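Any read-out appearing in this document is the output of simple, stated calculations on the displayed coordinates, not a laboratory observation. Nothing here was measured: the structure is a model prediction, and the numbers come from that model. Here the Cβ positions follow ideal geometry from the backbone for every residue, glycine too, while neighbour counts run over all protein chains shown.
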Amino acid sequence: MNMNVPFTHRIEILFWDFVINTLTKSEFIRRLLPRIYRLFEPQAVREALILILIASSAGFICGFLINLYILAR
């Protein structure tokens, strides 16, 4: 490698070498990437956030009601 190239460029080249080799040789990564990309689709993100909001709200309400029940005893 040319020593006149800045250190950050050398790191970037090493990073992309690693990424390209991994994407080329790893069957697991090639199957995983399309699934990860689907998570970032606007509708998928919206649905995931709604499910998270519902689950967290249900947990909060259950915890609040259990606390009230314990305090009322």
With a 10 Å cut-off between alpha carbons and a GNM built on the chain, which of Leu53, Leu32, Leu14 moves the most?
Leu14
Show me, for region 38-50, the HN-Hα J-couplings you get by feeding each phi into the Karplus relation (A = 6.51, B = -1.76, C = 1.60, θ = phi - 60°), rounded to Hz, glycine and proline as x.
4, 5, 8, 5, x, 5, 5, 5, 4, 5, 5, 5, 5
Read-out P(r) over Cα pairs in 10 Å bins from 0, in percent, candidates (1) 15, 17, 14, 14, 11, 9, 8, 6, 4, 2, 0; (2) 15, 20, 19, 19, 14, 9, 4, 1; (3) 19, 43, 25, 11, 2; calculated match is (2)
Report the local net charge at Ala44: Lys and Arg +1, Asp and Glu -1, summed over other residues whose C-beta lies under 15 Å from its C-beta.
+1
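Suppose the chain between Arg10 and Leu68 were pulled fully straight at 0.36 nm per residue; how much longer would it get relative to their current alpha carbon spacing?
14.8 nm
How long is the gain from Ile36 to Leu53 if the chain were fully straight, where each residue apart is worth 0.36 nm and the alpha carbon distance is subtracted?
4.0 nm
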I need the phi-derived Karplus couplings for region 58-73: 6.51 cos²θ - 1.76 cosθ + 1.60, θ = phi - 60°, integer Hz, Gly and Pro marked x.
4, x, 4, 5, 4, x, 5, 5, 5, 4, 5, 5, 5, 5, 7, 6
